[in-house]
Amino acid sequence: MEKYTKQTKIKYPLVSIVIPVFNGDSFIQQTVDSVLKSTYKNFEIILVDDGSTDSSKDTCAKIAKQSKKVKFYSFKKNKGMDKALKLALSSANGKYIARINQDDLMRPARLQKQVSFLEKNKDHVAVGGYTKMFTKTNKNFDVIKFPLKDEEIKAVWMKLSPFADPAVMYRKSAYLKTKGYNQAMWPVDDVHMWYMLGKIGKLANLPVILTDVRWHESAGSMKNHKIQMKKLLKVHIWANKNVQKAKLSDWMFWFAQSLAGYTFGPKFNWAVYRLIKKINYFLFKKALTKKYTKVTKLIKKPTIKSLSGV
């Protein structure tokens with residue numbers, strides 16, 4: 001479904017915002033409110049409660065009654081993230097799918113920026129952006145940046161995830177060409193999805209903060225850290241077989257990451273991972289600057305003659 005303005009005839013394709021919920025009663029209202037404040041208005045929100053044991057189901061039902069933009073589904077018992085995502089995507093009517101977690105906050109201009117990018121770049125299947133992490137006591141805990149262009153992303157995606165899941169938008173048509181989210185890869189089924197989408201088309205990130213990510217002890221990346229490190233190795237081995245052959249340095253990084261996951265706590269490991277991302281981003285910027293400087297020097301300045309011919 002697409003909407004058009006009468007004056008300009010500019011089309012605004014429908015975006016489906018998918019939010020799986022599991023015991024997220026403390027934050028889900030704030031998350032939905034942040035989406036409803038979007039400057040881009042042609043969207044639907046799909047909430048799927050995955051058998052929560054708190055009041056999430058009641059809160060989601062209440063939210064759905066308050067806004068026609070919200071669709072709500074629920075499972076009586078917990079079935080897993082892949083089932084929740086597949087249910088949401090099967091009911092999604094949007095041309096584009098936008099992801100956000102139950103405890104994060106969407107920036108108002110996010111949807112507009114991502115839709116505009118995908119409408120202009122037909123060869124791209126997914127686009128993400130930067131995220132800002134915040135805690136109860138620190139609104140500016142950290143900013144996570146990612147490589148921007150497809151070639152930059154795929155140069156490092158065997159080591160580092162190309163996206164932050166709660167900041168991604170992708171084409172539903174591209175998603176339907178994949179095998180879908182795989183529970184066997186949970187809780188890194190999103191990384192598995194990025195590999196599959198990256199085989200279909202180009203990936204990109206926008207150089208702006210699109211989502212504010214809440215960093216707290218109950219976050220999935222904190223609670224499921226050890227299994228996350230284990231499954232990440234599994235996803236990387238899958239990528240080596242199905243996407244591109246890994247280098248020796250990739251294998252060394254994977255095993256070091258897995259070892260660290262079992263040896264150290266999640267706070268330490270995530271701090272190190274964010275540091276690696278920052279170093280990687282800095283090196284990319286430095287390499288691009290060096291390349292640009294080299295190209296500039298090769299371009300000869302034109303010789304301008306005076307009118308007198310001298």
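No value in this document is a laboratory result; all are computed from the given coordinates. Note that the structure is a prediction, hence the values are computed from the model and not measured. Cβ atoms come from the backbone with ideal geometry, glycine included; neighbour counts cover every protein chain shown.
Below is a table of values for the structure above.
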| item | result |
| --- | --- |
| Near pairs, Cβ below 7 angstrom, 6+ apart or cross-chain, from the range 162-183 (within 26 Å of Met133 (Cα to Cα)) to any residue that is of a type in the set (Lys, Arg) and in a helix (DSSP H, G or I) | Tyr181/Lys86 |
| Helices (runs of 4 or more DSSP H) contained in the range 49-155 and holding at least 3 residues of a type in the set (Gly, Ala, Ser) and under 20 Å from the mean Cα position of the chain (by Cα) | 81-91 |
| Hits in the range 17-35 - residues which are part of a helix (DSSP H, G or I) and either out of contact with any Ser or Thr (no Cβ under 7 Å at 6 or more places or on another chain) or crowded, with 18+ Cβ neighbours inside 10 Å (or both) | Ile28, Gln30, Thr31, Val32, Asp33, Ser34, Val35 |
| Answer residue from the range 84-106, given it is in contact (Cβ under 8 Å) with a residue 40 or more places away in the chain and out of contact with any strand residue (DSSP E or B) (no Cβ under 7 Å at 6 or more places or on another chain) and is surrounded by the most Cβ atoms within 10 Å (Cβ to Cβ) among those | Asn101 |
| Criterion violated by Met133 - all others in (1) among the aliphatic types (A, V, I, L, M); (2) in contact with a helix residue (DSSP H, G or I) (Cβ under 7 Å, 6 or more places away or on another chain); (3) within 28 Å of Phe72 (Cα to Cα) satisfied | (2) |
